[in-house]
Amino acid sequence: LYWKKERRSCLYRTHMASLSHDVIKLSSLRDTARKEMNQLMEGNSIVTGADRSKVIVIEPALVDVFKYSGITSDAFKKENQVKGIFSLCPDVEFTPAKNLVFFLRPNPSLLRVLTAYATTYCQKVGKTSVFIYFVPKKTMMAEHILETEYRLSERLSHVTISEFDMDLVPLDDDVISMELGDSFSSLYLHGDLSPLHWIAKSIIKLQQCDSDPSPRFVEKVLSQPIFVLELTPEVEAMYVVDRGTDLLTPLLTQLTYEGLIEELYGIATGHFDPPFEVAAGGDVKPVADPRDRKIPLNGNDRMFSDIRDKNFSTVGSILYQKSVWVKQSYERRKEVQGLKDLKEFMKGLPEMQEFHRLIGVHTNIATQIGKTTQSADFRKRISMEQKIIQQDDEREVLDYVETLINRHEPFLSVMRMICMMSVVNNGLKPKVFDQLKESLMLSYGIPQVIAAFHNLGRCGLLIRNESRSVFPLLRKTARLWAEELQEANPTDMAYAYSGYTPLLSRIVEAMGGLSGLFNDNDVLETIPGDKAEIRNDAEVPGSTRVIIVYVIGGITNAEISTIRFLENKLASLGEPRHFVVATTNVTSGSKMLESILPFDCKL
Amino acid sequence: FYDYRGRTIATSQHIQNPLMCCSTGNGVAVVMANGRAASLECEESGEYRARVCDLPRVVGSLPPSCVACVTAQLSDTGYTHLLLTPTLSSIADDGTVVQVTFHSKPRAVDLAKRIAGGSVVRMSVSPDATNVAFITEDGSVYISDVAFKAISLLFNTETEAIPAQLFWCGNAAVAYLHLAQQFTTASPSAGDDDDDDIETTLTIFDPWNRDHCFSMELATDVFGVVECDVYQFLQVVPQEAHRMFQLGSTAPSAQLLSAFDEYALESATSVRLIRALTEDPEGLMVAIDDCVTSAGFEFDSKQQQRLLRVASFGKSFCGTYDTESFVGMSRRLRVLHAVRKPHVGMATSMQQFLTLEGDRFVQRLLTEVISNWPMQFAGTAIIDKFRHYSGLSYRKVAQLAHERKRTRLARMLLEAEPHASSQVEALLDIKEVDAALKKAIESSDPDLIFAVLAYMTGHRGASAVESLSSNSVSRSMLLEYCLACDSRRSLLAEYYRDHPEYNTHLAILQYLDEHDRFTRQLQKSIGSPPMWRTYQERKMTSIQGAELHAKDEHDGVLKERLLRLQSELIDEQTKHAEDLNDSKFLNASVTETLRLLWIHNRGDRAEALAKRWKVTEKALCWIKLRALAQLSDWPAIDKLAGKGTKVKPPISYDGFVHTLVSHGRLEQAKEYIPKVSNIEERMELYLVCDDWFGAAMDCRKTGELGILEQLRERAKGNARAMEQVDRGTAAKMETSPFASLFR
């Protein structure tokens, strides 16, 4: 059971991004999905009979997505006769209802649990209609397995297999995600093509949400299996970048505020669950339900949007300045002379109070993060990461990794370092590879490490050295490492990783010819792999043009921050562009590795 | 019984002395010499069953003169009827008809009719089986209903030659055929001159309108008569042509024709004719239409041209004439000419073409092309044509080609199909499975690939594995599918044979699954979960399986050695979990196991195992350090670090510092700092121990003023630290409490 029945109300009170400042109409994506879900729940397409009572069962990975994307908030309510919402797991919840509705990804490994759940429920509860909605698309394989392997329609009296087309979820004004947590492992480890298809479909959706869907376009999509993208004029370009071009960045520790929250506590669909109390101070609103104290992280929070993209080292002083400002504004009440002043003061008061509250929240979070970042261990780790990037002092790095293993540090954090070394050097030297493998096996379990190496190898994250690495050339051409850095007042995207610039961000910069340097083409040419370009020649004068950056396989929060930085930089140079990041999922090194490892490394 | 490819499809049946036979639709009816008749018809079971009955005496000993059959579908009883007429000895005798009904008890009945004109020589049942036409020896043509209740004599053929064939053209007309050679042989008395005049003739008549006229209502306006070297194409002359060419016709079209002819001869009559025609514009329009229609009727292109020229001549006097039909006709004629060319060989009348126009005509043309053209030629021709038109389905054409055993042509056509899904489905239709797989992979549509995969595993079973695993996309899908379906696991065995490393991997995954499940149980319960022995056994089985597979691997030496170590470990863990009653052993790694042994005061055993399992000295030192810290055996840690001796521990001192600090032993930790040689590292360690004083003092002592400056920078905002730094900087060397300790 994921959240108990009496907790169901939590689902309806979320703080998703308001999307009031979206440059392309992302809100329409949410609205469409919401409308479809409402229709589904109101019974238009679910049940025609009199008894519309239903129990909803959701795959665990989708629970947060549903909960925090704002798509299900209206639909999963009592008026729609929703009797209960549960998580799909081996323990069946027998709340009686006439309809049993499943939502899950078309992942074959889930089908066994699904079948067991549905049959057990129906045996105990009695005549029930079962509805299975695959998100975002049903696949033939899933359907085939349910029909021929589990013989679902023979075992149950009424089964409907359908799909709920929710692919892109807007997380913020400029970030949309498919929230496919395991997209990296699906694409790189399992070689599953389905996500690519969903991505292609989602791109079509993006075009439709951007402007009114032109009948010609729809016709084209319906009539042709292969179509050429025609971007609407407001969109100057869409860059589709594969995570495979830059495996290194997610492995590094993100050093922006939002990135560090992700690294230390994890962010799920724009929300994070702090393991400490954030609400400090007397006038802070207490959390209504202590069990659901997840904090939304998006542009609605004006304090957060000021600091999310900043290097963490500068966050403290920004918070301090802001608190001084709030304090000064409060102080102004003493200067109130007449009615006009009072009115002015009262007008600004709610904003100040809100800021006050937010400063409190973020100061608490930042203090907690600071405890980690100031620790010797953390500082050492960062310096080692930077040594790896500069391919400097290999011996010291290896000693460090060895110590991590001997100290039995968490497996993921050790593997991140090792993968980093492998990616930068195009594989580890055979001797080092074997040595590390053996000490890892002794320390973390032999089968675990064999399986981990198998999978990481297949994804290209950890290999034996075969040929020379192109990384030194790339580092030089794409200026991935900045010697001079001003974290407080950055002039380059390198600030997000305190010196290192994600290759992905450089690609975006270079593709747009935005760096103002001559070597943009060199950068693109140095990157291995296929490249293709579709460009919109039509120019629309006046409005600021939009560039969509679609990252397949996941993007980190810090990378998003660098893209926002690029946006600001261009605006200051008088060449304003809006960037919209679309991705399969917002990721981090740990999330990426976790999805690849075939065991639960948190156990 | 053979099928069209010459394969036996049913067991043979013996019919003695067959005399005559005719098809009954799904079998054959036979008249035998012993005065019996039989039917051999295919039952639903696919077997042929014989039904035999005696014929009435009236049939006599001679073979019947004629047999005809009413098929079961069309007969009024629902059974096959055989009609036969006895051979009579004299032309003066009256004939009769015998009807045999082949139901379960076949019965033959003499209908006892008195048919004048001698033996019936030709008999034909109409296609809808309502009427029968027959001709007697003397040339009398009769028509009757199928039950022979109302027989009527129509006319006499007036020739001695018995027609070679009598047959129905549709249900409304009957035709009989005299062949040219029949006349020469049948009437040798006729002179040679006459021979030329009599040719193969076909007489068509309407049995209900005895005027001998040719006004038949057939589905199309033609039928062909095939001889060995000539194909005769018989066509009804349309009214329009009739009006135009009939002698003495006064129809406007006839006048238009004469006007044109006269004009060509530069005769003044044409002017008069034209004037007359233009006075009646409607008549002129009809005349032009007639010309156009007649052109369509003609086969000779010269004649067509002429008629169209007449039409256009007429058109020039008729401003309101809509040229659409004229243009349409020209186009249609071009098509007909094209398909009539020898390499296409479709002689088609305009009427036929109009009835077939559209899909069915194309269908016929395609059938013709597919069946008879050389492959390369046919393929390119079709693809070339299809390219210009969207919405045409290669799938149907390929299916057609496949039915006609032209597989390569079918492949070639499907190659051109732009729609991946129909392409793949069509390739599966024609059983070109490997090509379908290739195309599906090229399309990178997971549903399509799966469709092929499901088809292949369904039809070929394990033998499909090889081709499926030759491509990474289909391979990963196959593995995913097999892992999700228990019924398909057997397919994996096939895959293992060539990929032992995957086999090892799967066994390991199984182990990990058990391990994770057990660990969850362990976390839930207090003490050992009741089933722990079973879990250990299962884990052991998986590991031994993996070990076995690793042996087959090309490069599995290290893997095999460590997997063996793992099974030793499991044994060891089971023992200790029992002896020391600590379930933590059950899912521990090698180093964790050793650490637990130390904690349980079994250091000797741990040392022995470490040696056996080749745990490095460094790793071992760490294990001891962590175990001792957990046991709070602080003096032992000092001993491990070689305190007071000259022996250096295998690991660096900062390990000791960190471990001690994390256990709150700041003071003890500080003692190790001076042993670290690198000043930067020392500084970090001082800070870990929160010893700003020591750090500052160290800087002063070693004269590292730059570092001292950095230290001050770090201490900013922390008043206590600042104060300590200041104190440390100011302190005299001798006052250092530990300065002499490690010197």
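The values are calculated or read from the model by the stated rules, or taken from the named source; none is laboratory data. Here the structure is a predicted model, which is why all the values come from computation and not from measurement. We place every Cβ from the backbone using ideal geometry, glycine too, and count neighbours over all the protein chains shown. Surface areas here come from the heavy atoms of the whole protein model, side chains and all, with no ligands, DNA or RNA. Shrake-Rupley method; radii C 1.70, N 1.55, O 1.52, S 1.80 Å.
For chain B, the longest principal axis of the alpha carbon atoms and the long axis of helix B:489-498 meet at an angle near 70°. Per residue, the protein assembly as shown exposes an accessible area of 48 Å² to a 1.4 Å probe, with every protein chain left in place. For the stretch B:53-155, compute Rh as the Kirkwood radius over C-alpha pairs and then the Stokes-Einstein diffusion coefficient at 25 °C and 0.890 mPa s; write the answer in µm²/s, rounded to an integer. Calculated translational D: 180 µm²/s. Dipole size of the protein assembly as shown about its Cα centre, with +1 on Lys/Arg Cβ and -1 on Asp/Glu Cβ: approximately 6220 debye, rounded to the nearest 20.
So what is the 222 nm mean residue ellipticity for chain B from helices alone, if each DSSP H run of at least 4 adds -39500 (n - 2.57) and you divide by all residues, rounding to the nearest 500 deg cm²/dmol?
-16000 deg cm²/dmol
Checking the cross-link pairs A:Lys138/A:Lys205; B:Lys584/B:Lys646; A:Lys77/A:Lys98; A:Lys310/A:Lys429; B:Lys539/B:Lys584; B:Lys611/B:Lys648 against a 26 Å limit on the alpha carbon distance flags B:Lys584/B:Lys646; A:Lys310/A:Lys429 as lying beyond it. Simple rule: put +1 on each Lys or Arg Cβ and -1 on each Asp or Glu Cβ in the stretch B:541-698, find the dipole, and look at B:Leu565, B:Leu596, B:Pro635; the Cα lying farthest toward the positive end is B:Pro635. Contact residues in the stretch B:475-493 (at least 10 Å² less accessible area with all protein chains than alone, 1.4 Å probe): B:Ser476, B:Met477, B:Glu480, B:Tyr481, B:Ala484, B:Cys485, B:Asp486, B:Ser487. With the charge dipole of the protein assembly as shown set up from +1 on Lys and Arg Cβ and -1 on Asp and Glu Cβ about the Cα centre, the Cα lying farthest toward the positive end among the listed residues A:Thr115, B:Leu437, A:Pro136 is that of A:Thr115. Name the residues of the stretch B:576-598 whose accessible area, probed at 1.4 Å, falls by at least 30 Å² once all protein chains are in place instead of their chain on its own? For the stretch B:576-598, once contacts with the other chains are taken into account, B:Ser589, B:Val590, B:Thr591 lose 30 Å² or more. Relative to its Kirkwood radius, the Cα radius of gyration of the stretch A:77-154 gives an Rg/Rh of 0.95. Could you tell me which of A:Val549, B:Val725, A:Val241 has its Cα farthest along the dipole of the protein assembly as shown towards the positive end, charges placed at Cβ (Lys, Arg +1; Asp, Glu -1), taken about the Cα centre? Value: B:Val725.
The Stokes-Einstein estimate for the stretch B:254-297, based on a Kirkwood radius over Cα pairs and taken at 37 °C with 0.692 mPa s viscosity, is a diffusion coefficient of 310 µm²/s. Our compactness index for chain B, the C-alpha radius of gyration over the empirical 2.2 N^0.38 Å, is 1.92.
Placing a pseudo-label 7 Å from each Cα along the Cα-to-Cβ vector at B:Gln73 and A:Ser162 gives an inter-label distance of 4.3 nm. Phi angles of the stretch B:328-334 translate, via the Karplus equation with coefficients 6.51, -1.76, 1.60 and θ = phi - 60°, into HN-Hα couplings of x, 5, 4, 5, 4, 4, 4 Hz per residue; Gly and Pro are given as x.
If R0 is taken as 45 Å, the Cβ-Cβ distance between A:Lys124 and B:Ser662 corresponds to a FRET efficiency of 0.30. Label separation (B:Asp322 vs B:Glu160): 6.0 nm, computed from points 7 Å beyond Cα along the C-beta direction. Summed over all non-identical Cα pairs, the Kirkwood treatment of the protein assembly as shown gives a radius of 40.5 Å.
Relative to the 2.2 N^0.38 Å rule of thumb, the stretch B:48-101 has a C-alpha radius of gyration ratio of 1.27. For chain B, the carbon plus sulfur part of the accessible surface works out to 51%, probe radius 1.4 Å. Over all pairs of different C-alpha atoms in the stretch A:145-198, the reciprocal of the mean inverse distance, the Kirkwood hydrodynamic radius, equals 14.0 Å. Simple point charges give the picture: +1 on the Cβ of Lys and Arg, -1 on the Cβ of Asp and Glu, and for the stretch B:413-547 a dipole about the Cα centre of about 840 debye. With Cα atoms as the point set, the radius of gyration and Dmax of the stretch B:226-352 evaluate to 15.9, 53 Å. Buried area at the B:A interface is about 4400 square angstrom, summed over both chains, from accessible surfaces computed with a 1.4 angstrom probe. Label positions at B:Lys105 and A:Glu147, each projected 7 Å from the Cα along the C-beta direction, are separated by 5.2 nm. For the stretch A:30-132, the equivalent ellipsoid derived from the alpha-carbon gyration tensor has semi-axes of 20, 18, 11 Å in decreasing order. What FRET efficiency, computed as 1/(1 + (r/R0)^6) with R0 = 25 Å and r the Cβ-Cβ distance, is obtained for A:Asp377 and A:Asp273, rounded to the nearest 0.05? Efficiency for this residue pair is about 0.60.
Of the listed peptides B:479-486, B:38-45, what is their order by residue-averaged count of other C-beta atoms within 10 Å, with the highest listed first?
Answer by packing, highest mean first, reads B:479-486, B:38-45.
Each Lys and Arg adds +1 at its Cβ and each Asp and Glu adds -1 at its Cβ; summed about the Cα centre, chain B shows a dipole of about 5140 debye.
Taking the alpha carbon gyration tensor of the stretch B:278-420, multiplying each eigenvalue by 5 and rooting it gives semi-axes of 39, 15, 11 Å, largest first. D for the stretch B:599-743, whole µm²/s, Stokes-Einstein with Kirkwood Rh over alpha-carbon pairs at 37 °C and 0.692 mPa s: what number? Calculated translational D: 198 µm²/s.
May I ask for log10 I(q)/I(0) of the stretch B:538-657 at q = 0.22 Å⁻¹, from a Debye sum over the Cα atoms as equal point scatterers with solvent left out? Debye curve over Cα of the stretch B:538-657, log10 I(q)/I(0) at q = 0.22 Å⁻¹: -1.20. Note on A:446-457: average number of Cβ atoms from other chains within 10 Å of each residue's Cβ is 6.
Shape summary: the stretch A:351-390 maps onto an equivalent ellipsoid whose semi-axes, from the alpha-carbon gyration tensor, are 33, 11, 4 Å in decreasing order.
Give me the percent of DSSP beta bridges within the protein assembly as shown that run antiparallel, rounded to the nearest 5.
Values: 75 of 117 bridges.
Taking every DSSP beta bridge with both residues in the protein assembly as shown, the antiparallel ones total about 65 percent.
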